[in-house]
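**Q** Take a look at this one; I'll ask things after.
Taken together, the values in this text are just the output of simple stated rules run on the coordinates, not laboratory data. Everything quoted here is computed from the prediction, not taken from an experiment. Don't worry about glycine lacking a Cβ; one is built from the backbone with ideal geometry, like all the others, and counts go over all protein chains shown.
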Amino acid sequence: MTEWTGGCACGTVRYRLNSDPHDAGWCHCRTCQLNSGSPAMAFATVPFDDYEVMVGKDSVKRFASSDFGWRIFCGACGTPLGMHVRHQPDTIDFSVATLDQPQRLPPTFHIFYASRIPWAHACDDLPRHDRFRPDTRGLSGTEPPK
Ligand SMILES: [Zn+2]
Ligand SMILES: [Zn+2]
């Protein structure tokens, strides 16, 4: 496995993935828009213990972004690093753009496409889901906060 490393904009937080990430995809939910200041965020998943913060662990802050999850970010510069949700405690979704080589991990789907900003239309042929993907564990009835 070629090493996967990444970090925040100011360099305070540096992390390493200890296994190959999977399930890379775009999320167009309102929380991602507000959290990133951008129309959508690209996430991928690794086992929780395989997202290893090498440098700046004390600077990784979090806030409750919904009643079922948290966003983590660099407390020094604000870069959104990822999210962790209660119904999937064994995994973490990290921001693909924070990888040193994000080009290695192209997204393969869109979720929450129904809440996209209308001028941010995706120009690809990837599957689009209005909300979560149908096979997502434990999410029936949950929504990002209004
Ligand atoms: Zn930072
Ligand atoms: Zn989202």
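**Q** Just want to confirm a number: the relative contact order over segment 33-105, from Cα pairs under 8 angstrom separated by 6+ residues, in percent. All intermediate terms of the calculation are to be shown ahead of the outcome.
**A** Details: 101 pairs, mean separation 23.1, N = 73.
Computed over segment 33-105, the figure is 32 percent.
**Q** So, by mean Cβ neighbours within 10 angstrom, what's the order for 95-103, 21-29, 113-121 with the highest one leading?
**A** Details: 95-103: 16.2, 21-29: 20.2, 113-121: 12.8.
Taking the mean over residues of other Cβ atoms within 10 Å, the ranking is 21-29, 95-103, 113-121.
**Q** What is segment 29-115 by shape, rounded, prolate or oblate, if you read a ≥ b ≥ c off the alpha carbon gyration tensor as root eigenvalues and call it rounded for a/c under 1.5, prolate for a/b larger than b/c, and oblate otherwise? Don't skip to the end; give the middle numbers.
**A** Details: a/c = 1.30, a/b = 1.18, b/c = 1.10.
Rounded, since a/c falls under 1.5.
**Q** Normalised by the residues of the chain, what does the relative contact order come to in percent, with Cα pairs under 8 Å and at least six apart? Kindly include the intermediate steps, with their values, before the conclusion.
**A** Numbers: 303 pairs, mean separation 39.4, N = 146.
Result for the chain is 27 percent.
**Q** Residue by residue through segment 52-66, what is 3J(HN,Hα) from phi via Karplus (6.51 cos²θ - 1.76 cosθ + 1.60, θ = phi - 60°)? Round to whole Hz and write x for glycine and proline.
**A** 9, 7, 8, 9, x, 3, 5, 8, 7, 10, 9, 9, 6, 9, 6
**Q** Show me 63-69, 3-9 ranked by packing, highest mean number of other Cβ atoms within 10 Å first. Each step should come with its number before you reach the end.
**A** Working: 63-69: 14.3, 3-9: 17.4.
Answer by packing, highest mean first, reads 3-9, 63-69.
**Q** Cβ under 12 Å from Ala44's Cβ, Ala44 left aside: what net charge do those residues give with Lys, Arg +1 and Asp, Glu -1? The partial results should precede the final answer.
**A** Values: positive: Arg104; negative: Asp20, Asp23, Asp50, Asp93.
Around Ala44, the charge tally is -3.
**Q** Hey, for a label at Thr108 modelled as a point 7 Å past Cα toward Cβ, could you say which residues of segment 11-53 have their backbone N under 20 Å away?
**A** Zone members listed by number: 17-28, 41-48, 50-51.
**Q** Follow-up. Tell me, in nm to one decimal, what length is gained between Ala76 and Ala97 on full extension, where the rule is 0.36 nm per residue of separation less the Cα-Cα distance?
**A** Working it through step by step, the gained length comes to 5.8 nm.
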